[in-house]
Amino acid sequence: MWRNSKDRFGTITKSFHWVMALLIMAMFGLGRYMTGLPPSRDLIYYYGLHKSFGILLIALIVMRIFWRKSNPAPKPLGDDARANRLAEIMHRILYLLMVLVPLLGWAGSSASGLGASFFNLLNMPNIAPENETLELLLFRIHEIAATLLVILALAHAGAALYRHFIKRDDTLRRMTIR
Amino acid sequence: MRLAVIISTILLSVQMSFAAPISYDIDKDASIVGFTYRFGPETIMGKFNDYDAELRIDFDRVKNSTVNVRLDTTKATAGFPFATQALRSKKILNVDNFPNITFQSTNITGGGNTATINGNVTVRGITKPLTLTAKLFRAVGTTADERDNLTIKITGQIDRTEFGATGYAKEVGDILRIAIDAKIQAQ
């Protein structure tokens, strides 16, 4: 029930999937919103929130990778080997981006000299030298990678819906929480 | 004749003792070395939490007064999280390379309870002239000749771009208003 079985996802995997999906979409929205705001105390609050949830997302993706390694996903449904191969590549890219995007944000915050803290409870160490050119570069890549992550996540959702409504298999149903 | 000499000697010594500049200590617990700055539509106060100051006031000959201040930039705060890190970062005070801001008075003028302090301030290794206004206050209930326990309020303004502290130009105003409010005690 908690763990994945041969043909079902367990509760832990489903929780990782949906909590992170929600957080990533919310973070993308917050990131786009706050970078367009004029300066104010609210702006600083939003940046602090974005950094804190980013740190949470790093912790979640690390735990999720360990969980997946120790608890493999069930076999893909259907006999379209090409589609399943494509899905696997997609999953790998999504995992890679889920690691890279928050790391790039953390590195950019380090390069800015402002650093990152986890809800003002824990100050994160700096992982890049303080340098404005590096900061701008890291945040640019952070933005591009985040945009790519959201586009691919939407494509991933689209593929699940395609399997559900067109192919009429159980791919989406076995990830939903009932 | 003899009496006149004695009296005049006493008078002179009294006058001499008043004429000497008085050195003051700052009661740091009751003092704020602050500054305000614009952040978008808001005005926010920052503080220098560690500093040394030498303050000598000559009430009779104000020109003989002197002020020397050293502010520790590594302990400066800017009012809220991230702003403090921004203040200390390379883009503004660059505290790793410039751990101090210093001020030395060159010429103090004025009288009564107000003085104009001309001096040189060094920020990020760049020295520029700076003019400050100082006002002295005595506590309620003290007499007009109170000099042992006073409050000094120092105001002025500084353009951070003159010192290369140009970071966050879009968010933070160039002009900082100095707001020092210190309780001082004669040594």
Pairs under 6 Å by beta carbon, first residue within 12 Å of chain B (Cβ to nearest Cβ) in the range A:42-68, partner outside any helix (DSSP H, G or I) and of a type in the set (G, A, S), six or more apart or different chains?
A:K51/A:A116
Among the candidates B:F82, B:F18, which residue alone is within 14 Å of chain A (Cβ to nearest Cβ), at pLDDT below 95 and in contact with a Phe, Trp or Tyr (Cβ under 9 Å, 6 or more places away or on another chain)?
B:F82
Cβ-Cβ under 7 Å, sequence separation 6+ or interchain: first residue in the range B:24-44 and facing another protein chain (nearest Cβ under 9 Å), partner surrounded by fewer than 13 Cβ atoms within 10 Å (Cβ to Cβ) and at pLDDT below 95. Which pairs?
B:G40/A:P38
Quick one: how many residues across the range B:72-85 are buried (at least 17 other Cβ atoms within 10 Å of the Cβ), over 15 Å from B:F35 (Cα atoms) and in contact with a helix residue (DSSP H, G or I) (Cβ under 8 Å, 6 or more places away or on another chain)?
2
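Consider A:L96 carefully, then state whether it is more than 14 Å from every other protein chain (Cβ to nearest Cβ), among the aliphatic types (A, V, I, L, M) and part of a helix (DSSP H, G or I).
Working: more than 14 Å from every other protein chain (Cβ to nearest Cβ): yes; among the aliphatic types (A, V, I, L, M): yes; part of a helix (DSSP H, G or I): yes.
When the stated conditions are applied, A:L96 passes them.
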Could you grab the pairs with beta carbons closer than 6 Å, sequence gap of 6+ or different chains, first residue in the range A:166-177 and farther than 15 Å from A:H156 by Cα, second one of a type in the set (G, A, S)?
A:D169/A:G78
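One line per residue, one yes/no per condition, for (1) closer than 23 Å to B:L71 by Cβ; (2) at pLDDT below 95; (3) in contact with a Pro (Cβ under 8 Å, 6 or more places away or on another chain); (4) β-branched (V, I, T):
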position: B:G110; (1), (2), (3), (4): no, yes, no, no
position: B:N120; (1), (2), (3), (4): yes, no, yes, no
position: B:P129; (1), (2), (3), (4): yes, no, no, no
position: B:I154; (1), (2), (3), (4): yes, no, no, yes
position: B:D159; (1), (2), (3), (4): yes, no, no, no
position: B:A165; (1), (2), (3), (4): yes, no, no, no
position: B:G173; (1), (2), (3), (4): yes, no, no, no
Which number in (1) in contact (Cβ under 8 Å) with a residue 60 or more places away in the chain; (2) out of contact with any strand residue (DSSP E or B) (no Cβ under 6 Å at 6 or more places or on another chain) marks the one condition that B:K63 misses?
(1)
Limited to the range A:99-115, what total is found for residues that are within 12 Å of another protein chain (Cβ to nearest Cβ) and part of a helix (DSSP H, G or I)?
4
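Of the residues B:I184, B:I175, B:I101, only one is among the aliphatic types (A, V, I, L, M) and out of contact with any Asp or Glu (no Cβ under 8 Å at 6 or more places or on another chain); which?
Details: B:I184 fails: out of contact with any Asp or Glu (no Cβ under 8 Å at 6 or more places or on another chain); B:I175 fails: out of contact with any Asp or Glu (no Cβ under 8 Å at 6 or more places or on another chain).
Every option except B:I101 fails the conditions.
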Residue in the range A:116-124 that is out of contact with any Cys (no Cβ under 6 Å at 6 or more places or on another chain), within 12 Å of chain B (Cβ to nearest Cβ), without any contact (Cβ under 8 Å) to a residue 24 or more places away in the chain and polar (S, T, N, Q) present
yes
For the range B:143-187, which positions are under 15 Å from B:I44 (Cα atoms) and of a type in the set (S, T, N, Q)?
B:Q157
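The values are calculated or read from the model by the stated rules, or taken from the named source; none is laboratory data. Keep in mind that this is a model prediction, so the values were computed, not measured. FYI the Cβ positions are ideal-geometry reconstructions off the backbone, even for glycines, and counts take in every protein chain you see.
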